[in-house]
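Since the structure comes first, as structure tokens, the remarks are kept for the end.
The values are calculated or read from the model by the stated rules, or taken from the named source; none is laboratory data. Just so you know, these numbers come straight off a predicted model, no measurement behind them. Here the Cβ positions follow ideal geometry from the backbone for every residue, glycine too, while neighbour counts run over all protein chains shown.
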Amino acid sequence: MLAALPACHLPRPDTSPGPDLSVVTGKAAYRHAHWGLHVEDRHTGEVLLSWNGARLFAPASNTKLFSVAAAFEALGPDFRFETPVYRTGPVRDGGVLDGHLVLRASGDFTLGGRDDGHGGIQVTDSDHIYARGNPHTRLTSADPLAGLRHLAARVRAAGIIRARDVIVDDRIFRPCASTGSGPRQVTPIAINDNLLDFVVRPTAPRQSARVDWRPQMSGIRVESRVTTVAHGTYDVQVSRPEPGLYVLTGSIPMGSSPRVEIHEVADPTAMARRAFLDCLRRAGVEIDADAAAPNATQRLPADGAGLQLVASLVSAPFAAAARLILKTSHNLHASALPLLIESRHGTGELQRGLQRERMLLHSLGVATDELSFGGGAGGARADMATPRATVQLLRDVASRPWFEAFRDALPVLGVDGTLARVGTDSAARGHVRAKTGTYYVYDAMHQRSLLTSKALAGYIHTRRGRELVFSVVVNNVPLAQGVTTDSIGEDLGRISSLLYDAY
């Protein structure tokens, strides 16, 4: 293993014609940064390059490699979530339920709202959880309420035409904060990732822009105060001045592509209850209770006794959920993984879930003393990993039966996911499968952002047919004067391309 050097230049290897990575790392933008790199041959374990490989770095969303691998090991690629609907009493003649309908959360990430019609989950390169007007964001075509509509139809098919109330049983795990950007609440049940989506389209100059929104639910009103302008920049905000009312203000230029804005709902369980109640009524099942009434979990038996199964929704296999998490770097779903792993053992607490994740990673052969995690997504301050441990994980999972599903879930350089627009003109395009990572904070002193971490780790099928496993990470880069998260992402993609050419 090569010794670390005090400068920001990565060394040339002494034993192989390795690439001169200083063409990237020696840039002025990185003069105060910290670099880490570790590269091995996937099959032999030969260390080809290592610089600060045993030092801890903030890995950002490379953390998801560990949480997804642990979930694959705990659940398996073919695991499916099953979300049931129960009834609490008998069904009288005429289909009147003398009791309540109970929708029990199972931890299903999408609840049928992203199904692709072929047993998988729809994925876009730029997911809506990061929308905020991002011009690259495209919504999936699936109906976010499709799973609830299926359950409602099955309830009606079971002969129930009326019930007292709908109760959402959300006790599978304790809600907690997500880490990283996107929705802030990790909840046992989520409809459309706990978001309302608003699609803003320009019309004619000085006219109101068109705003469409989803999921369509009762009790929600949307007002567009967005003006179409002949010239200018896109600038739209979403506010909620009162419960149920969402107001969009700002401007969108003529000729702009549709832009997606989002707003996180305040009470995801209430959203799920209202949405299911709406779906039941459309299916021909009347509910006596008000959609705005509180979710009456106190009426549920602690042990589930007396509940009768009415309907169920079976999810796509976990391999499809993992693909969504890794391709799009989905913070909300990744944050839920430790909770879901632990919920199978009865507690559903984040701390215990992370402890169980450590045991699973240890069983895979990972040196867990080179890791520190405060969540499953990569946005916690405690998240740290060495490049060497990251490569070790990537090599160790290659022996597991779910390896192909894991590797296929990674973004492909220049092709899809968070690497869709990186390295598009590189010879390595299509030959690098790797997880990206980005985390930055606001530097109030200089009124700019500080990139605390940019990372890339995965597999390279090189020009000579060799398979490499690599991890490269840079920490602490001020973002200013043309230095952006995108430009640094391109630099990490360039490093993977140099490795592709060299070996």
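Only residues in the range 256-278 that are among the basic types (K, R) and surrounded by fewer than 21 Cβ atoms within 10 Å (Cβ to Cβ) count as the first member; pair them with residues that are modelled with pLDDT of 95 or more and assigned to a helix (DSSP H, G or I), Cβ under 6 angstrom, at least 6 apart or cross-chain, and list the lot.
Taking only residues 6 or more apart or on different chains, not a single pair turns up.
May I ask you to say which residue of A405, A428, A444, A434 is touching a residue at least 12 places away in the same chain (Cβ under 8 Å), of a type in the set (G, A, S) and out of contact with any strand residue (DSSP E or B) (no Cβ under 8 Å at 6 or more places or on another chain)?
Details: A428 fails: out of contact with any strand residue (DSSP E or B) (no Cβ under 8 Å at 6 or more places or on another chain); A444 fails: touching a residue at least 12 places away in the same chain (Cβ under 8 Å); A434 fails: out of contact with any strand residue (DSSP E or B) (no Cβ under 8 Å at 6 or more places or on another chain).
Result: A405 is the single residue among A405, A428, A444, A434 that is touching a residue at least 12 places away in the same chain (Cβ under 8 Å), of a type in the set (G, A, S) and out of contact with any strand residue (DSSP E or B) (no Cβ under 8 Å at 6 or more places or on another chain).
Which of the residues spanning the range 447-491 are touching a strand residue (DSSP E or B) at 6+ places or on another chain (Cβ under 7 Å) and over 22 Å from A60 (Cα atoms)?
Initially, the range 447-491 is screened for residues touching a strand residue (DSSP E or B) at 6+ places or on another chain (Cβ under 7 Å), giving 448-462, 466-480, 483, 485, 488-489.
Listed by number, the residues that qualify are H461, T462, R466, E467.
Give the number of residues within the range 305-321 that are within 23 Å of F109 (Cα to Cα) and in a loop (DSSP other than H, G, I, E, B).
3
Mind telling me which of the residues D501, D491 ends up being farther than 21 Å from R31 by Cβ, among the charged types (D, E, K, R), in a helix (DSSP H, G or I) and modelled with pLDDT of 95 or more? Step through it out loud before you land on a result.
Details: D491 fails: farther than 21 Å from R31 by Cβ.
Just a single option satisfies the conditions, and that option is D501.
Across the range 212-228, what is the total count of residues that are under 24 Å from A270 (Cα atoms) and either out of contact with any Gly (no Cβ under 7 Å at 6 or more places or on another chain) or not assigned by TED's automatic domain parsing to the domain that holds R281 (or both)?
First pass over the range 212-228, keeping only residues under 24 Å from A270 (Cα atoms): 212-223.
Remaining after also requiring either out of contact with any Gly (no Cβ under 7 Å at 6 or more places or on another chain) or not assigned by TED's automatic domain parsing to the domain that holds R281 (or both): 212-218, 222-223.
Residues flagged as under 24 Å from A270 (Cα atoms) and either out of contact with any Gly (no Cβ under 7 Å at 6 or more places or on another chain) or not assigned by TED's automatic domain parsing to the domain that holds R281 (or both) within the range 212-228 amount to 9.
Would you point out which residue out of T187, T233, T227 is over 30 Å from S343 (Cβ atoms) and in contact (Cβ under 8 Å) with a residue 24 or more places away in the chain?
Details: T187 fails: over 30 Å from S343 (Cβ atoms); T233 fails: in contact (Cβ under 8 Å) with a residue 24 or more places away in the chain.
Result: T227 is the single residue among T187, T233, T227 that is over 30 Å from S343 (Cβ atoms) and in contact (Cβ under 8 Å) with a residue 24 or more places away in the chain.
I'm trying to understand the selection: among the residues of the range 225-255, which are out of contact with any Asp or Glu (no Cβ under 6 Å at 6 or more places or on another chain), of a type in the set (S, T, Y) and at pLDDT 95 or above?
Answer for the range 225-255, where residues must be out of contact with any Asp or Glu (no Cβ under 6 Å at 6 or more places or on another chain), of a type in the set (S, T, Y) and at pLDDT 95 or above: T227, T228, Y234, S239, Y246, T249.
For the range 286-303, check the following and say yes or no: at least one residue is closer than 25 Å to G119 by Cβ and over 15 Å from the mean Cα position of the chain (by Cα). Break it down into steps so the answer makes sense when it comes.
Restricting attention to the range 286-303, the residues satisfying the condition of being closer than 25 Å to G119 by Cβ are none.
No - not one qualifying residue is present in the range 286-303.
Could you check how many residues of the range 80-115 are among the acidic types (D, E), assigned to a loop (DSSP other than H, G, I, E, B) and in contact with a helix residue (DSSP H, G or I) (Cβ under 9 Å, 6 or more places away or on another chain)?
Qualifying residue count for the region: 1.
Checking the condition over 30 Å from S256 (Cα atoms) and of a type in the set (A, V, I, L, M, F, W, C), which residue from V211, V166, V199 passes?
Values: V211 fails: over 30 Å from S256 (Cα atoms); V199 fails: over 30 Å from S256 (Cα atoms).
Going through V211, V166, V199 in turn, the sole match is V166.
When you check T462 against the structure, is it touching a Phe, Trp or Tyr at 6+ places or on another chain (Cβ under 6 Å), more than 23 Å from N331 (Cβ to Cβ), of a type in the set (S, T, N, Q) and not assigned by TED's automatic domain parsing to the domain that holds D125, yes or no? Working first, answer last.
On the way: touching a Phe, Trp or Tyr at 6+ places or on another chain (Cβ under 6 Å): yes; more than 23 Å from N331 (Cβ to Cβ): yes; of a type in the set (S, T, N, Q): yes; not assigned by TED's automatic domain parsing to the domain that holds D125: yes.
Answer is yes for this residue.
What are the residue pairs meeting all of these: first residue in the range 116-136, first residue closer than 18 Å to R421 by Cβ and among the acidic types (D, E), second residue at pLDDT 95 or above and outside any helix (DSSP H, G or I), Cβ atoms under 7 Å, and 6 or more apart or on different chains?
What qualifies is D125/D416; D125/A420; D127/H330.
Looking at R164, R149, R184, which is the one that is within 26 Å of A292 (Cα to Cα) and surrounded by fewer than 17 Cβ atoms within 10 Å (Cβ to Cβ)? Show your work before the answer.
Working: R164 fails: surrounded by fewer than 17 Cβ atoms within 10 Å (Cβ to Cβ); R149 fails: surrounded by fewer than 17 Cβ atoms within 10 Å (Cβ to Cβ).
After ruling out the rest, the residue left standing is R184.
Of (1) in contact with a strand residue (DSSP E or B) (Cβ under 8 Å, 6 or more places away or on another chain); (2) modelled with pLDDT of 95 or more; (3) closer than 19 Å to S329 by Cβ, D165 satisfies all except one. Which?
Only one criterion is unmet by D165, namely (3).
In the range 341-362, which residue that is in contact with a helix residue (DSSP H, G or I) (Cβ under 7 Å, 6 or more places away or on another chain) and small (G, A, S) is farthest from A54 (Cα to Cα)?
Among residues in the range 341-362 that are in contact with a helix residue (DSSP H, G or I) (Cβ under 7 Å, 6 or more places away or on another chain) and small (G, A, S), the one farthest from A54 (Cα to Cα) is G348.
Could you list, in sequence order, the residues of the range 24-55 that are without any contact (Cβ under 8 Å) to a residue 12 or more places away in the chain and either aliphatic (A, V, I, L, M) or buried (at least 20 other Cβ atoms within 10 Å of the Cβ) (or both)? Please lay out each step first, then the result.
Filtering the range 24-55 for residues without any contact (Cβ under 8 Å) to a residue 12 or more places away in the chain gives 28, 44, 46.
Of everything in the range 24-55, just one residue is without any contact (Cβ under 8 Å) to a residue 12 or more places away in the chain and either aliphatic (A, V, I, L, M) or buried (at least 20 other Cβ atoms within 10 Å of the Cβ) (or both), namely A28.
Identify, please: which residue in the range 56-91 is out of contact with any Lys or Arg (no Cβ under 9 Å at 6 or more places or on another chain) and over 29 Å from G113 (Cβ atoms) and is, among those, surrounded by the fewest Cβ atoms within 10 Å (Cβ to Cβ)?
The extreme case among them is P90.
Just one of (1) over 26 Å from the mean Cα position of the chain (by Cα); (2) of a type in the set (A, V, I, L, M, F, W, C); (3) more than 27 Å from E467 (Cα to Cα) trips up F79, so point out which.
(1)
Determine whether T203 is out of contact with any helix residue (DSSP H, G or I) (no Cβ under 7 Å at 6 or more places or on another chain), at pLDDT 95 or above and in a loop (DSSP other than H, G, I, E, B). Even if it seems obvious, please write down each step before you answer.
Details: out of contact with any helix residue (DSSP H, G or I) (no Cβ under 7 Å at 6 or more places or on another chain): yes; at pLDDT 95 or above: yes; in a loop (DSSP other than H, G, I, E, B): yes.
So T203 passes the test.
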